[in-house]
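Notes follow once the structure below has been shown.
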Amino acid sequence: MMGCPFKGLFGDEKGAISFFKGGKKEEEGHTPVPYTSGTSLSITPDVSRSIKELKESTESSKVHFVGLNESDLQRLVSLRPIFEKNVAGIVNTFYEKLSQVPALITIISNHSSVEKLRQTLERYLLDMTSGDVGKDYIVRRKIIGSVHNRINLFPEWYIGAYTIIQNEVLSVLLRELPPAEAQQAFISFQKLCSFDMQIAIATYIDSYTSSMMRLNEIERIQHRLNESSEMLVATAEETSASIGEKEEHVSQMLEGTRDIQNSSLKMVDDVEGGKTEISSALKEIDLIVEIMDETRVRSKELIESSNKIGEIVQVIHAISNKTNVLSLNASIEAARAGEHGRGFTVVAKEVRNLAMQTQAALDHIHEQISMVQNNVTSFENSFEQIARQTSRFREINTAIMNIMDNSSVQVRSNSEKIQRVGSYILDFQQTFNEISTASEQVAKMAEELSMLSNQLNDKFNINK
């Protein structure tokens, strides 16, 4: 893994380039400390603070393990003029060797550029001689490990890159310093390089482990997704089949509802027709009742006339009786008169005959009047019965009319309800069609989901 030298590979990643901004400021505003030969070093406050932060950090065991101390950091600070003088040559040599590895060139092309990485590597090497190797320095190295894992830059390249850099730094030190001093300076540089590699590689491993754990979790989710998608396909197919059957039932229900509605409408028409016929019959009955009422009035008038005629007949009958008596008396007186009363006898006899005929006629008239009165009385009795039956018939027909009115209203109400039910069923059928369409879409999406799940599974198998 080409860790530190390739931190510029993540120049497009958040926090990668800012990782060296502090070092840049120091480079621009730094007053080089002349290299002090020999072993006597004066420890500056910045170096003391940095080593104190290292020993108090969670990385203190690594500091102790590589033997990094204040003298090493101070010695590296004193080497800064030499690094500033030779850093460009070290970087050029490094990238000449790196350009011979196509895999690394591909990573650089995907995430940054060689020119940016040259500047980044120069800042990195000068950062090692800044003396500011405290907690912020640790954070910057951890960022390297995290991002290397993110861009799939493996640790072997990181370690190999440090080997190249260390070889170049050793050559520079041997050229610039006496052998003994060059050896001490290189050992200090090597300690800090080892510390950097430990932090970056440990962070890389932690990030890689977390990534693998997430991948394992994703794989488990993928398996569940695969099972769920298969179940979803089966369920969607069953739902589509069930909806198809239910849709046919709904169509039958809708057809039945329409038949009931048509029957109800016909029933309403029949009821309305029956009401019309009954209403017409009631009008006829009312007309008959009116005629019968008029006839009854005429009958009463006839009875009254008959009674008056009877009274007249009785008067005439009394007169006839008196006339008969008078004719009888006249006959007796005529008989007494003898020959002189013979003519009067004839007249009296004729008057008597006329009186008897009148009496007979009056008796016949009286019989006819009695017969008329009896017939009128019978008619009145029959009329009363007819009136009662007619009234009863009218009441029954009125009740039938009311029933038919209620039935008509009820049938109309039921027809409207059936029509609404039919509308609901039609809406339900449309909803069924929408559900069927949606179910088909769900089945299609489930199949696509299953295909994606299988493709994801294949990728997992390839990565394994």
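For Y208, Y124, which order do you get if you count the other beta carbons within 10 Å of each Cβ and list the fewest first? Present the calculation step by step, with values, prior to reporting the outcome.
On the way: Y208 18, Y124 24.
Going from sparsest to densest Cβ surroundings: Y208, Y124.
Please state the charge dipole magnitude for the stretch 298-350, taken about the Cα centre, from unit charges on C-beta atoms (+1 on K and R, -1 on D and E), reported in debye and rounded to the nearest 20.
Values: 7 positive and 6 negative charges, 13 e Å.
Using only the charged Cβ atoms, the result is roughly 60 debye.
Between A360 and S423, with labels modelled 7 Å along Cα→Cβ, what's the label distance in nm to one decimal, could you check?
Those two pseudo-labels are separated by 9.2 nm.
Of the listed pairs K85/K142; K85/K191; K85/K116; K52/K116; K116/K142; K283/K417, which have alpha-carbon separations greater than 31 Å here? Please report the intermediate quantities before stating the final value.
Details: K85/K142 28 Å; K85/K191 22 Å; K85/K116 20 Å; K52/K116 33 Å; K116/K142 21 Å; K283/K417 34 Å.
Beyond 31 Å: K52/K116; K283/K417.
What is the calculated FRET efficiency for K308 to E350, with r their C-beta to C-beta distance and R₀ = 22 Å, to the nearest 0.05?
Details: r = 30 Å, r/R0 = 1.38.
The value I calculate is 0.15.
Quantify how much of the Cα-Cα distance distribution of the stretch 284-377 extends past 23 Å, in percent.
Details: 2168 of 4371 pairs.
In whole percent, the share of Cα-Cα pairs in the stretch 284-377 beyond 23 Å is 50.
Using a 10 Å cut-off around each Cβ, can you sort V172, V66, V114 from fewest to most neighbouring Cβ atoms? Spell out each step's value before the answer.
Values: V172 21, V66 17, V114 13.
Fewest to most other Cβ atoms nearby, the residues stand as V114, V66, V172.
Between R118 and L170, how high is the FRET efficiency from 1/(1 + (r/R0)^6) when r is the Cβ-Cβ distance and R₀ = 30 Å? Nearest 0.05.
Details: r = 21 Å, r/R0 = 0.69.
Working from the Cβ atoms, E equals 0.90.
For the stretch 346-353, take each phi angle, set θ = phi - 60°, evaluate the Karplus expression 6.51 cos²θ - 1.76 cosθ + 1.60, and give the result in whole Hz per residue in order, putting x for glycine and proline.
With the stated coefficients, the stretch 346-353 comes to 4, 5, 5, 5, 5, 4, 5, 4 Hz.
Considering only the other residues whose Cβ falls under 12 Å of the Cβ of N374, what net charge follows from Lys and Arg at +1 and Asp and Glu at -1? Don't skip to the answer; put the middle values down first.
On the way: positive: none; negative: E367, E380.
Net charge around N374: -2.
How much FRET efficiency would the formula 1/(1 + (r/R0)^6) give for Q430 and Q252, where r is the Cβ-Cβ distance and R0 is 25 Å, rounded to 0.05?
On the way: r = 16 Å, r/R0 = 0.64.
Given R0 = 25 Å and the Cβ-Cβ separation, E is 0.95.
Subtracting the Cα-Cα distance from 0.36 nm times the residue separation, let me have the gained length for N397 to E416 in nm, one decimal.
Details: separation 19, 0.36 × 19 = 6.84 nm, distance 2.73 nm.
Between N397 and E416, full extension yields an extra 4.1 nm.
Readers should treat all values here as calculations from the given coordinates under stated rules, not as data from a laboratory. Quantities reported herein were computed from a predicted structural model and do not represent experimental measurements. Positions of Cβ are generated from backbone atoms using ideal geometry, with glycine treated the same way; all protein chains shown enter the neighbour counts.
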